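The values are calculated or read from the model by the stated rules, or taken from the named source; none is laboratory data. All of these numbers come straight from a predicted model, not from anything done at the bench. Glycine also receives a Cβ, built like all others from the backbone with ideal geometry; neighbour counts cover every protein chain displayed.
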Amino acid sequence: MMRTTLRRTVGTTLTALAALTLGASPASAAPGGAPPIAQVRTLAAGDTVTVVGTVTTPPGAFASSFLDVGFGIQDRTAGIYISASAPTDVVPGTSVRVTGSLADQSGLLVVRPTSIVSLGPVDAVAPRPVVVRVVGESTEASLVTVVGRVTSAVVDDLPYGYKFTVADRSGETTVFVNTQTGIDVSTIRDGQTLRVTGMSSQYEDHYEIDPRSPADVAVLP
């Protein structure tokens, strides 16, 4: 299914959000400890939440299909996507505290932030190696790595990006390549074995992996 009206509607809504505030020091963060992201993920859309996690994707890496300049964060329990409507200067490997409201964005659980506070650099999050069938709600917004065989030709879904499927013995999943990532899909062929790393994501009724950069897609012998 083409990423058309739903994504455009989300983008229009996001432009109406209040401007973000990006702090420079933990002193301006919300008082007290934030709950684990896994616990936040059990709450209802519309709830106001505060989460703390490590940035895992460059802000705006998925802008062509998410229609925002957001980014993923992750702690030891889970990940969640921060659907930012204004640019931030956080980078992967930065710890952040985010306050905002939970929302469903075309199937993906997100936080629409009112405040983003940088807490400084931390160790980068290592992707979790998984079999394809694990890619789903339990991994949503976390970094994963799969190794699988390409089972479809690359489909042009511009201006949003490109998509293809990979499979291992456990199942099949979609890989969605957003245009901002600079990933060259012209050499990807049906039958190749790839190692794909990216944010485990969801679009409407299916789960997918969204790689972040050319380094996230490697052809294996």
Which listed residue, of 112, 133, is closer than 17 Å to residue 202 by Cα, assigned by TED's automatic domain parsing to the domain that holds residue 203 and touching a Gly at 6+ places or on another chain (Cβ under 9 Å):
133
Give me the pairs, please: first residue somewhere in the stretch 53-66 and under 15 Å from residue 37 (Cβ atoms) and assigned by TED's automatic domain parsing to the domain that holds residue 37, second residue anywhere and among the small types (Gly, Ala, Ser) and outside any loop (DSSP other than H, G, I, E, B), beta-carbon distance under 6 Å, and either six or more positions apart or on two chains.
54/95; 56/72; 57/72
In the stretch 74-102, how many residues are in contact with a helix residue (DSSP H, G or I) (Cβ under 9 Å, 6 or more places away or on another chain), of a type outside the set (Ser, Thr, Tyr), in a strand (DSSP E or B) and within 20 Å of residue 46 (Cβ to Cβ)?
2
Give me the residue from the stretch 133-173 that is within 23 Å of residue 92 (Cβ to Cβ) and among the polar types (S, T, N, Q) and, out of that set, surrounded by the fewest Cβ atoms within 10 Å (Cβ to Cβ).
138
Scanning the stretch 46-84 for residues that are in contact with a Gly (Cβ under 8 Å, 6 or more places away or on another chain) and hydroxyl-bearing (Ser, Thr, Tyr), the one surrounded by the most Cβ atoms within 10 Å (Cβ to Cβ) turns out to be 57
